[in-house]
Ligand code: NI
């Protein structure tokens with residue numbers, strides 16, 4: 001009998017321990033979901049001057065990371081972002097006006113401010129282009145839960161930059177609001193934009 005009591009005692013301790021551990025794990029998961037996406041940044045604008053996330057306070061940032069030599073994903077996405085803003089401007093001009101489309105090049109070796117400026121001129125007229133040092137870019141991409149890497153260069157010195165294809169929407173206070181995946185159509189993005 002005393003052995004049973006001791007066992008019961010042991011199980012009680014274990015049960016309490018599991019509840020505590022369980023609570024801890026649960027708490028940790030909740031905390032993880034609250035981890036912030038994005039971070040303040042300071043980069044070089046397509047005009048050559050320094051630009052920081054503070055410059056966009058009071059505005060929405062519609063951000064995409066890529067590189068100008070990208071064969072398909074980047075031009076398609078920047079075009080989609082342009083179409084989204086044009087469509088939004090027809091129905092909600094005040095909101096559309098508050099959104100700044102931003103292209104951040106992950107390829108500063110080839111993408112000089114001048115090249116970035118020329119590239120974004122093919123898309124929405126309010127596009128802001130920027131890039132930074134590799135360290136800056138790694139910090140920003142990590143903060144956004146994104147990634148990029150370089151493939152080895154071919155005989156002509158051309159190389160591909162692997163990168164994620166999310167479009168991020170940051171609010172007027174610089175906080176993350178949502179992101180859009182490459183699977184979402186222009187109309188799906190538009191609909192979700194109207195509901196943030
Ligand atoms: Ni790309």
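The values are calculated or read from the model by the stated rules, or taken from the named source; none is laboratory data. Keep in mind that what you see is a predicted model, and the values were worked out from it rather than measured. No Cβ is skipped: glycine too gets one built from the backbone with ideal geometry, and neighbour counts run over all protein chains shown.
Things to note:
- Whichever residue in segment 75-87 is touching a residue at least 60 places away in the same chain (Cβ under 8 Å) and crowded, with 22+ Cβ neighbours inside 10 Å and, among such residues, is nearest to the ligand (Cβ to nearest atom): 81
- A search for C-beta distances below 6 Å between a residue of segment 165-180 that is away from the ligand (no atom under 16 Å from the Cβ) and any residue that is part of a strand (DSSP E or B) and modelled with pLDDT under 95, counting only pairs 6+ apart in sequence or on different chains, returns nothing.
- The residues of segment 50-74 that are surrounded by 15 or more Cβ atoms within 10 Å (Cβ to Cβ) and more than 8 Å from the ligand (Cβ to nearest atom), listed by number, are 51, 53, 56, 59, 60, 61, 62, 63, 64, 65, 68, 69.
- Residues that are within 21 Å of residue 53 (Cβ to Cβ), out of contact with any strand residue (DSSP E or B) (no Cβ under 6 Å at 6 or more places or on another chain) and more than 13 Å from the ligand (Cβ to nearest atom) are absent from segment 102-111 altogether.
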